[in-house]
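So the structure is just underneath, and the comments pick up after that.
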Amino acid sequence: MKLLVTLLLCLCIPAAWAADANMPKLDVGAGGQCVKDTQWMRKNHMHLLKHQRDESVRKGVRSEQDSLKNCIECHASTKDDSVIAREDSFCAGCHRYAAVHIDCFECHASKRKAVKAALAEKEVQ
Amino acid sequence: MSDLNSQRRQFLKTTLGASAVAIAPGMLLYGMAHSKSAAASDKVRWGMLIDTAQCKEGCNDCVTACNKQNGLSGGTKPTDSQFIRKISIKDVSTGYEQSLPMMCQHCEQPPCVDVCPTQASFKRADGIVLVDRHRCIGCRYCMMACPYKARSFVHEPLTDQNPDVPRGKGTVEACNLCVGRIDNGQTTACAEACPNNAILFGDLNDANSEIALKIRSVASTQVRADLQLNTGIRYQGL
């Protein structure tokens, strides 16, 4: 029994350590928690987004909390205002690590709205 | 003493009741019009009345405002998206020319919805005809079915979209009646931009709305009324 425990520990500790070392260090932007805790969001954010997407597009329910736009407002990088521009960007970083392709930003803006508005104003001037 | 108390209670009840009756409808209307978490209501039918006499030839303000609102390039090639176009029509026998904006007519019986194989093309409860880009496979059946040539296909990859109006390659799109603005309690970008107020936007079902009063008092027509699609966009002086 002791041997088994030791063996398991020997295997698990380096594995956990290795996993930690490879975890992407994300640029979380302003960050903070407004919907649920981090672990829950890592696992379930896609369900919230998909539900909100159907409610908004087809029924016109536009509650702000679960909207993609609202996520981007806080989680876009403070350096380049994007969630996909760099290796460590909030969405792109983790999706690259998990090898899950995201289609969202082929249509949706990946930058926060406030910045877009400021850029447009600059162009006008 | 107890009599006085009960009188007092009765008075308070009546006053509170009366004020609730007076305030409630206003609050309810405000809530319906401005609450972002409320679903589109089937009691409402959004529509527009376009006064062709007020629409000036050469003026393109509605088109420009639409392009800005939706992040369109403003190009007019067959492969460019156009949600609203200015067209000129001429009566060949008299030579009488008119200029007017043409866009999705937001039909009650939309042919684009009938033909869509994935139910991406749909009519919202409040009468706005939309494309759900998450479901659109880009087959373009709806473009062929539309009698108004109102729909466009996005041929090229897009970047820097307006955060309020997501759009992308491989999907069909058309005038969305500025659905995001409407849900926000605003009017459409084209109606707001028209210098002559030729575009009147409102709720066709609300008997007291400006548009309902106007269509009741002036002659207005639907384009291709023979198709019996009952369009939400009506034209005056056509």
Mean 1/r over distinct Cα pairs of the stretch B:127-230, inverted to a Kirkwood Rh in Å, yields 16.2 Å
Helix axis angle, B:61-70 relative to chain B longest principal axis, alpha carbon, degrees: 80 degrees
In nm, give the distance between the simple-model label positions of B:Asn184 and B:Arg216, each being 7 Å from the Cα along the Cα-to-Cβ direction. 3.2 nm
Qualifying GluC sites (Glu not before Pro) for the stretch A:36-94 [loop in DSSP, other Cβ within 10 Å: at most 15]: A:Glu64, A:Glu87
Summing Lys, Arg as +1 and Asp, Glu as -1, what charge do residues with Cβ under 13 Å from the Cβ of A:Lys36 carry, A:Lys36 excluded? 0
Give the Cα extents of chain B along the principal axes, in whole Å, largest first. 86, 45, 32
By the rule of another cysteine's Cβ lying under 4.7 Å, the cysteines of chain B that fail to get a partner are B:Cys55, B:Cys59, B:Cys66, B:Cys107, B:Cys116, B:Cys136, B:Cys139, B:Cys146, B:Cys178, B:Cys194
Here the stretch B:227-238 yields Karplus 3J(HN,Hα) values (6.51, -1.76, 1.60; θ = phi - 60°; whole Hz; Gly and Pro given as x) of 7, 6, 8, 6, 6, x, 9, 10, 10, 9, x, 8
Calculated [θ] (222 nm, deg cm²/dmol) that DSSP helices of n ≥ 4 give over chain B, each run adding -39,500 (n - 2.57): -9000 deg cm²/dmol
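No value in this document is a laboratory result; all are computed from the given coordinates. It should be emphasised that the depicted structure is a prediction, and the values quoted were computed from it without experimental measurement. Reconstructed Cβ throughout: ideal geometry from the backbone, glycine too, with neighbour counts over all protein chains shown.
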